[in-house]
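*Asks:* Take this structure first; my questions come after.
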Amino acid sequence: MNIELSEKEFRRLLDMVYIGNWILNSARGEDRFADYDHLQEKLFALCSKNGMNALATSWMGHVFPSQAYEDGGIHEAIADYEDAVFYNILAEELARRDLGLTDSDPEDYTELTARMEEYLSEFDKNGLDTISIDNM
């Protein structure tokens, strides 16, 4: 299979593959999905053939994203995603608790959504500063 990409498209593909592999593998320790690591390596190996040497580095016969690539803002994008997911999950879990929906789904999501929006608004204003846990 051949795919023709512009330099900008290839750079975006590198970002997408890196982010996807990070989400799939970063918390797995030694139990990584090796096929995703292999695909990432394969794509980053193409950097040297496409004038993007600064984005990849070789070590012990393998190609990895370079320190310059990793320091170039990709982890900030991942952190933004992680924050959004964290706050959305927390808002939904708290709203479900408040409405007694821990083991079920509502017939009408209006009330759940409204309660979630209240929590998200609070998190936007104060982060976790106003969250407390009794007896701790």
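*Asks:* Does any residue in region 89-102 that is of a type in the set (Asp, Glu) come within less than 8 Å, Cβ to Cβ, of a residue that is surrounded by 15 or more Cβ atoms within 10 Å (Cβ to Cβ) and part of a helix (DSSP H, G or I) six or more places away or on a different chain, and which pairs are these?
*Replies:* Pairs found: Glu92/Leu112; Glu92/Met116; Asp98/Arg115.
*Asks:* Looking at Leu24, Leu5, which one is under 21 Å from the mean Cα position of the chain (by Cα) and of a type in the set (A, V, I, L, M)?
*Replies:* Matching residue, one of Leu24, Leu5: Leu24.
*Asks:* Hey, among the residues in region 10-65 that are touching a Phe, Trp or Tyr at 6+ places or on another chain (Cβ under 8 Å) and of a type in the set (Gly, Ala, Ser), which one's surrounded by the most Cβ atoms within 10 Å (Cβ to Cβ)?
*Replies:* Ala56
*Asks:* Quick one: which helices (runs of 4 or more DSSP H) lie wholly within region 18-136 and hold at least 1 residues that are under 24 Å from Glu7 (Cβ atoms)?
*Replies:* Those helices (runs of 4 or more DSSP H) span 34-45, 75-98.
*Asks:* Further, regarding this structure: Cβ contacts < 9 Å: first residue not assigned by TED's automatic domain parsing to the domain that holds Asp83 and among the hydrophobic types (A, V, I, L, M, F, W, C), restricted to region 2-27; second residue loosely packed, with under 12 Cβ neighbours inside 10 Å and assigned to a loop (DSSP other than H, G, I, E, B), any location; separation 6+ or different chain. Result?
*Replies:* Hits for this filter: Leu13/Ile3.
*Asks:* Does Ser58 fit the bill of being modelled with pLDDT of 95 or more and under 23 Å from the mean Cα position of the chain (by Cα)?
*Replies:* Here the answer is no, as Ser58 does not meet what is asked.
*Asks:* Follow-up. Residues of region 108-127 being of a type in the set (A, V, I, L, M, F, W, C) and surrounded by 13 or more Cβ atoms within 10 Å (Cβ to Cβ), which ones?
*Replies:* Scanning region 108-127 gives Leu112, Met116, Leu120, Phe123.
*Asks:* Which ones in region 1-47 are among the small types (Gly, Ala, Ser) and closer than 17 Å to Ala77 by Cβ?
*Replies:* Listed by number, the residues that qualify are Gly20, Ser26.
The values are calculated or read from the model by the stated rules, or taken from the named source; none is laboratory data. Note that the coordinates shown come from a computational prediction; the quantities given were computed from them, not determined experimentally. No Cβ is skipped: glycine too gets one built from the backbone with ideal geometry, and neighbour counts run over all protein chains shown.
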